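Step one of this worksheet: look at the structure below.
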Amino acid sequence: MLTILVLGSAAGGGFPQWNCNCDGCRRARSGDPAAKPRTQSSLAVSGGDGRWVLLNASPDLGHQIRANAALHPRDGIRHSPIAAAVLTNADIDHVAGLLTLRESQPFAVYATERVHSVLAANSVFRVVNPELVPRRAVALDRPYVPADADGVPLPFEIEAFAVPGKVALYLEDPTATGFGSVAEDTVALRIRDLNSDAVFFYIPGCSAMPGWLADRLRGAPLVLFDGTTWTDDEMIRAGTGTKTGQRMGHMAMSGPKGSIAAFEGLDVHRKIFIHINNTNPALLDDSPERAAAEGAGWEIAQDGMEFTL
Ligand code: MLT
Ligand code: MN
Ligand code: ZN
């Protein structure tokens, strides 16, 4: 059996975002129960042996560990049930949490060569000592069984495959096609329980749904998918930014080219939006956009959700 914890469900910046005065952020800050605060997106998954693998390491990881008893130290004076962290890209909201895990505690880090090269190029990540915390490179489209720092395998398999997306903001090359993005910059994860064969997908960043991706997701029991924006231009209209969701590597939920339409007919049993930006009105429990997403069979992730498969 797989247990999946939603450690964080918001996009980069979280909800409310520290410097944002948009309607949603103001409501979240005021304690409005229909505008629940959310930390930056990350999951923890376990195959039931007491060890957990982080899927992305958010800047809010310290808070997320405190909020989830399953991730607390158990045995001895220094201990963590976190056996490994798997990164889907090099965005700040997905890697900065590694710095929180810097107290000489062994675990393993899995990512593509491309994402490892970003960690290697930024010496601050050396604070997570590679002697204790092995960095293991993952090839696209090759399922692997992750292991803890000592090499003890976990009871599930992970496959990383490239999805349409964009290189991290701080690595963009304005002169290059697609800002210099390559396939390894944005990956989806397919996780399969070795005991039960249960499968789920975690895709926090995705800018389009080509036919091959729709085919891959068809019939899946559970997909956690990029829910950054409701409409592509909402950050511009809200006055919080100058870019569209597409420009940032994300497909909107609504509209004929949106993810809600793209999933229609795919027969995905449980569809959950995650990595939701603070400008997305679907974050608000009482919004018409929330009702429309739910009407289309979607759930909006919130921190602390738990799934078993
Ligand atoms: C994104 O998902 O587009 C990035 O996390 C944006 C950011 O760096 O804040
Ligand atoms: Mn992000
Ligand atoms: Zn806001």
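The values are calculated or read from the model by the stated rules, or taken from the named source; none is laboratory data. Everything numeric in this text was worked out from a predicted model, so none of it was measured. Counting neighbours? That spans all protein chains shown, and the Cβs are built from the backbone with ideal geometry, glycine included. Heads up: the accessible areas ignore ligands, DNA and RNA and are worked out on the full protein's heavy atoms, side chains in. Shrake-Rupley method; radii C 1.70, N 1.55, O 1.52, S 1.80 Å.
Once the other residues with Cβ under 11 Å from the Cβ of Ile260 are scored (Lys, Arg +1; Asp, Glu -1), what is the net sum?
Numbers: positive: Lys257, Lys271; negative: Glu264, Glu289, Glu294.
Residues near Ile260 contribute -1 overall.
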In Å², rounded to a whole number, the accessible area per residue of the chain with probe 1.4 Å is 42
Taking the full set of protein chains and a 1.4 angstrom probe, give the accessible area of Ser254 in square angstrom, rounded to the nearest 10. 30
Among Cys206, Val182, Phe125, which residue has its Cα furthest toward the positive end of the charge dipole of the chain, with +1 on Lys/Arg Cβ and -1 on Asp/Glu Cβ? Phe125
If you take every residue apart from Ala291 with its C-beta less than 14 Å away from the C-beta of Ala291, what net charge results, scoring Lys and Arg +1 and Asp and Glu -1? -4
How much accessible surface does Lys36 have with a 1.4 Å probe, in Å² rounded to 10? 70
How much accessible surface area, in Å² rounded to 10, belongs to the heavy atoms of Asp303 with a 1.4 Å probe? 50
Have a look at the range 245-309 and give its Rg and Dmax from the Cα atoms, expressed in angstrom. 12.0, 34
Pop out the carbon and sulfur fraction of the accessible area of the range 31-155 as a percent, whole number, probe 1.4 Å. 53
How many nm is it between the label spots at Ala292 and Asp75, if each spot is 7 Å from the Cα in line with the beta carbon? 5.2
Unit charges on C-beta of K, R, D, E only; dipole of the chain, Debye: 400
Which semi-axes, in whole Å and largest first, does the equivalent ellipsoid of the chain have when worked out from the alpha carbon gyration tensor as the square roots of 5 times its eigenvalues? 28, 21, 21
List the longest stretch of the chain that has no exposed loop site; here a site is one of the GluC sites (Glu not before Pro) assigned by DSSP to anything other than H, G, I, E or B, with at most 14 other Cβ within 10 Å. 1-102
What length, rounded to one decimal in nm, is gained on full extension from Val124 through to Ser196, with 0.36 nm per residue of separation minus their alpha-carbon distance? 21.9 nm
